[in-house]
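Contents: one structure, followed by commentary.
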Amino acid sequence: EKTFCLASAHYYKLVTPPERERRKFPHESKGKKLLPPFLERERAMACSSLVKLNASSSQWIGQQSFNQRPGSSSRFATRRVSVFRAGSYADELVQTAKSIASPGHGILAIDESNATCGKRLASIGLDNTETNRQAYRQLLLTTPGLGEYISGAILFEETLYQSTTDGKKFVDCLREENIVPGIKVDKGLVPLPGSNNESWCQGLDGLASRSAEYYKQGARFAKWRTVVSIPCGPSALAVKEAAWGLARYAAISQDNGLVPIVEPEILLDGDHPIERTLEVAERVWAEVFYYLAENNVTFEGILLKPSMVTPGAEHREKASPQTIAKYTLTMLKRRVPPSVPGIMFLSGGQSEMEATLNLNAMNQSPNPWHVSFSYARALQNTVLKTWQGRPENVEAAQKSLLVRAKANSLAQLGRYSADGESDDAKKGMFVKGYTY
């Protein structure tokens, strides 16, 4: 029955003119039955996913025209449905997303702001200078053989323009390893007025021109991170603001040739059970896909960066990787269309080993999407401790990066074993109220 409702919602989306402003009541108008309000979101999602997958062969549409309902009269205004909104970049976006979401590969996230990078450097006794930031990023991005396990790297704006000490641009170093360069485009979190002490993400102003420039510099995908806090509610206002901002960013990115990574991070903070996280995650992702569809974002040309569904970090009971996989995949299958090419999880303060074990558990059975990783701390923690800012430790630090990258590559394939993991890899990295 629900499937029929979804298809009906999709059908009416195609053949009826916009009537919301003229409706006196939400579910009926002049004796003609329309969709009830609770199907509004499902209608948008059904329209976007079904049309983009293969509308002409759909069992619900058959071979009917997109412009006319069978037996329709002149009182129905004809409408033209656009399958893709990304213009000349449509094919490139799809190809880029597929290349990042390739078997055994994931994303290295090194898009920390200069302030956050400074915190990482301070943990090993280094000052937050451009020279030290450049040295650390060079260590990561020039690791020999990194492309065997990593298909994309998210960079901070400063990194996009930086070069090695030999004068080679970091972007070119990545290309030599067949790694797609990406760029963080949001401008950070600020307080959201009218909410429960929640945040919203800024950066839409000027995003189109910045995205065009990033594309010229070699970036081919983008990342925008916003957050949702369960202890704070979350409020309906915060969820809607997060979803709308992500949707606008995604549409602007696609217009400028960048595959958008959609990341509404549900923070680990709190003592809530895993069931509460599932409830919030389903609500957030329903809202996100509703607005993605409203903004005509091409689902085949995006990637998702969700949080895993876990209990709050302060909950008395810890969930097993199998339980986390069960709840996370349940949420994804309920909310994410199969046309999305890749799910690239964030680690969110989990230990290196936890993040890898949980990813491995999710790949023990087939999934409709590429289920992989986009880790920052869960790939870099041991690297930093090995390096210690000393040139003589660079080679050892790069080897430790390959160890973690390979472990997560195996987890993406469902073949990871935790045997032989170091004590450092087992240490959790959750920080209450952590900011980037």
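Does N381 satisfy the criteria of being part of a helix (DSSP H, G or I), polar (S, T, N, Q), in contact with a Phe, Trp or Tyr (Cβ under 8 Å, 6 or more places away or on another chain) and in contact (Cβ under 8 Å) with a residue 12 or more places away in the chain? Answer is no for this residue.
Return a yes/no flag: does segment 306-322 have any residue that is of a type in the set (G, A, S) and touching a strand residue (DSSP E or B) at 6+ places or on another chain (Cβ under 6 Å). Checked segment 306-322: at least one residue is of a type in the set (G, A, S) and touching a strand residue (DSSP E or B) at 6+ places or on another chain (Cβ under 6 Å).
Put simply, of A286, A313 the only residue that is touching a residue at least 60 places away in the same chain (Cβ under 8 Å), surrounded by fewer than 24 Cβ atoms within 10 Å (Cβ to Cβ), in a helix (DSSP H, G or I) and not polar (S, T, N, Q) is A286.
Residues in segment 130-157 that are surrounded by fewer than 20 Cβ atoms within 10 Å (Cβ to Cβ), under 16 Å from E176 (Cα atoms) and out of contact with any Phe, Trp or Tyr (no Cβ under 9 Å at 6 or more places or on another chain): P144, G145, G147, E148. Determine whether segment 328-339 contains at least one residue that is of a type in the set (S, T, Y), under 25 Å from S99 (Cβ atoms) and in contact (Cβ under 8 Å) with a residue 60 or more places away in the chain. Checking segment 328-339: at least one residue is of a type in the set (S, T, Y), under 25 Å from S99 (Cβ atoms) and in contact (Cβ under 8 Å) with a residue 60 or more places away in the chain. On the stretch given as segment 197-234, residues that are more than 30 Å from N178 (Cβ to Cβ), outside any strand (DSSP E or B) and of a type in the set (G, A, S) total 3. Taken together, G104, G118 contain a single residue that is small (G, A, S) and assigned to a loop (DSSP other than H, G, I, E, B), which is G104.
Considering the conditions (1) touching a Pro at 6+ places or on another chain (Cβ under 6 Å); (2) outside any helix (DSSP H, G or I), V171 is excluded by exactly one of them, (2). Taking segment 121-148 only, how many residues are part of a helix (DSSP H, G or I), of a type in the set (A, V, I, L, M, F, W, C) and within 16 Å of E392 (Cα to Cα)? Of the residues in that region, 3 qualify.
For segment 320-364, the set of residues classified as modelled with pLDDT of 95 or more and part of a loop (DSSP other than H, G, I, E, B) consists of S320, V336, P337, P338, S339, V340, P341, L346, N363, Q364, listed by residue number.
Looking at this structure, is R283 basic (K, R), within 18 Å of the chain's Cα centre (by Cα) and under 20 Å from A109 (Cβ atoms)? No: the conditions fail for R283. Please tell me if G414 is modelled with pLDDT of 95 or more, outside any helix (DSSP H, G or I), farther than 22 Å from L357 by Cα and not aromatic (F, W, Y). So G414 does not fit the description; no.
Name the residue that is surrounded by the fewest Cβ atoms within 10 Å (Cβ to Cβ), counting only residues in segment 377-404 that are more than 21 Å from T164 (Cβ to Cβ) and among the hydrophobic types (A, V, I, L, M, F, W, C).
Residues of segment 377-404 more than 21 Å from T164 (Cβ to Cβ): 377-378, 381-382, 385, 403-404.
Adding the requirement that they be among the hydrophobic types (A, V, I, L, M, F, W, C) leaves 378, 403.
Values: A378: 28, V403: 18.
Ranking the candidates gives V403 first.
The values are calculated or read from the model by the stated rules, or taken from the named source; none is laboratory data. It should be emphasised that the depicted structure is a prediction, and the values quoted were computed from it without experimental measurement. Reconstructed Cβ throughout: ideal geometry from the backbone, glycine too, with neighbour counts over all protein chains shown.
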